[in-house]
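Below: the structure, in structure tokens.
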Amino acid sequence: MNKLIIGFSFVIITLCIIVFTVFGEEEKNENYMKGLDLAVSGEFEKAKEKFQKALDEEPENNVYKYIIEVCEDVISKKLKNEAAKFIFQGISYGDKSMIDEQIESYSKAIELNPDYAALYQNRGYIYYQEKGLYKLAHKDFNKAIELGINHAAAFLNRGHTNYQLNKFDRAISDFTKAIELDPDNYDSIFDRGVTYDSMGKYQLAIKDYTKAIEINPDDADAYANRGTIYSQINENELAYKDYCKALEVDPKNQKALVNRGSHYNHMMEYEKAISVFNEAEKLYPEDPEIYYNRGVAYFKSKQYKKAMADYSRSIEFKPDDFKTYLNRGIIHMAIYGEKEKACSDFKKACELGYCDLYEKAKKNGDCE
């Protein structure tokens with residue numbers, strides 16, 4: 001493959017952070033809402049009764065289990081009344097997507113009860129999920145663990161912040177601890193696989209993705225990610241099988257569609273690749289990887305105008321990817337002799353971190 005035309009788009013799914021707090025509009029029920037109003041006003045005994053009714057209706061709902069524990073803690077004096085009010089006020093703000101107010105409420109509760117571990121867990125979640133403030137989230141998750149939270153979700157959450165902060169060894173340690181506490185927890189195993197993948201430890205990643213598939217054979221993402229690794233280590237038949245399995249489980253899986261198309265590019269089956277990317281475009285018309293990789297297929301099959309259009313479309317959605325400018329610039333220069341346009345693209349690629357082609361073009365007198 002021409003290394004300037006980079007055809008693969010290796011996709012790693014977003015880590016899934018675990019916390020027991022607010023949830024979507026469709027999951028609320030009447031008893032929960034009544035209980036929340038009672039809790040915010042300080043009537044914790046009555047609130048607990050309503051939350052218990054909600055839990056009876058939905059026995060697997062972890063949110064209800066958590067808020068019942070909060071009520072029990074305030075009733076037993078482990079948690080101050082005013083702190084508990086701020087907790088429930090924060091949950092109410094979260095239901096309304098009032099994120100700054102939610103953080104402020106949890107912070108006030110922490111001031112009143114600085115040794116209540118679950119508060120740090122919940123505020124850390126908001127920092128992570130809603131604000132992308134990974135250092136603050138890590139500090140809160142770390143504090144929750146220091147205060148004695150010792151369940152898998154606590155280490156899973158801290159592992160996520162370590163991953164986002166590129167502290168992969170620490171993330172592995174946290175995910176491994178989560179697995180020790182809950183050996184069949186899909187998220188911990190899958191996310192450790194993601195981390196090994198990011199570290200280039202492909203065999204360990206494959207092992208974790210395979211275990212995740214054993215636990216949950218109906219999750220397309222594990223197949224898609226394992227297939228990506230197989231592609232990277234040139235196990236192309238295994239990669240193709242995983243992409244197909246992912247799409248069998250979830251025919252609209254975005255990662256599997258893009259990666260199967262990229263697989264066809266790698267195998268030089270460009271018409272098949274184009275067909276897959278056409279299908280993917282209908283489902284995900286704003287995904288730049290679809291246009292980029294279809295542009296590769298068009299380029300390789302000498303459909304240069306279509307390749308140019310796809311590279312331009314990819315740039316619209318992802319203007320900071322140097323590869324796309326390079327590829328478009330190559331077409332301008334090598335196919336159409338449009339030096340000015342080519343130099344503009346090469347210069348932009350250089351601004352984004354890849355200068356080899358721009359410097360070479362200047363040395364040859366093609367660019368200023």
Inset, instruction - Give the residue from ALA144, ALA39, ILE99 lying farthest towards the positive end of the charge dipole for segment 13-149; charges sit on Cβ (+1 for Lys and Arg, -1 for Asp and Glu) and the dipole is referred to the Cα centre. - result: ALA144
Inset, instruction - Go through segment 273-340 and name the trypsin sites (Lys or Arg not before Pro) that are in a DSSP coil and have 15 or fewer other Cβ atoms within 10 Å of their Cβ. - result: LYS302
Legend entry - Kirkwood hydrodynamic radius of the chain, from inverse mean 1/r over distinct Cα pairs, in Å: 23.3
Inset, instruction - Run through every distinct alpha carbon pair of segment 237-368 and return the Kirkwood hydrodynamic radius in angstroms, one decimal place. - result: 15.4
Legend entry - Given charges at beta-carbon only (K, R positive; D, E negative), |dipole| of segment 105-164 in Debye: 160
Inset, instruction - Using only the alpha carbons, work out the radius of gyration and Dmax of segment 200-308 in angstrom. - result: 14.1, 46
Inset, instruction - In nm, give the distance between the simple-model label positions of ILE215 and LYS363, each being 7 Å from the Cα along the Cα-to-Cβ direction. - result: 5.1
Inset, instruction - Provide, in order from the shortest bin, the percent of all Cα-Cα pairs of segment 146-269 in each 5 Å bin, continuing until the bin that contains the maximum pair distance. - result: 2, 13, 20, 20, 18, 13, 8, 3, 2, 1, 0, 0
Legend entry - Reduced Cα scattering model of segment 13-149, Debye log10 I(q)/I(0), q = 0.13, 0.18 Å⁻¹: -0.51, -1.00
Legend entry - Size of segment 197-239 as Cα extents on the principal axes (Å, biggest first): 25, 22, 12
Inset, instruction - Only helical DSSP H runs with n ≥ 4 go in: add -39500 (n - 2.57) per run for the chain, normalise by residue count and round the 222 nm mean residue ellipticity to 500 deg cm²/dmol. - result: -22000 deg cm²/dmol
Legend entry - In Hz, Karplus ³J(HN,Hα) per residue of segment 233-239 (6.51, -1.76, 1.60; θ = phi - 60°; x = Gly, Pro): 9, 6, 8, 5, 5, 5, 4
Inset, instruction - Return the distance in nm (one decimal) between the two label points of a simple spin-label model at SER344 and GLU111, each offset 7 Å from Cα along Cα→Cβ. - result: 5.5
Legend entry - Two-decimal Rg/Rh across segment 98-184, once Rg and the Kirkwood Rh are taken from alpha-carbon atoms: 0.99
Legend entry - ASN234-ILE335 pseudo-label distance in nm [points 7 Å out on the Cα-to-Cβ vector]: 2.9
Legend entry - Inter-part distance where segment 188-246 and segment 63-119 are each reduced to a Cα centre, Å: 39
Inset, instruction - Within 10 Å, count the other beta carbons around each residue, average over each peptide in 225-236, 114-125, and list them highest first. - result: 114-125, 225-236
Legend entry - FRET E, pair ASN278, CYS244, Förster distance 22 Å, beta-carbon r, rounded to 0.05: 0.80
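Throughout, read-outs are computed from the coordinates displayed, never taken from laboratory work. Because the structure is a prediction, the values reported are computed rather than measured. Using ideal geometry, Cβ is built from the backbone for each residue, glycine included, and neighbour counts are taken over all protein chains shown.
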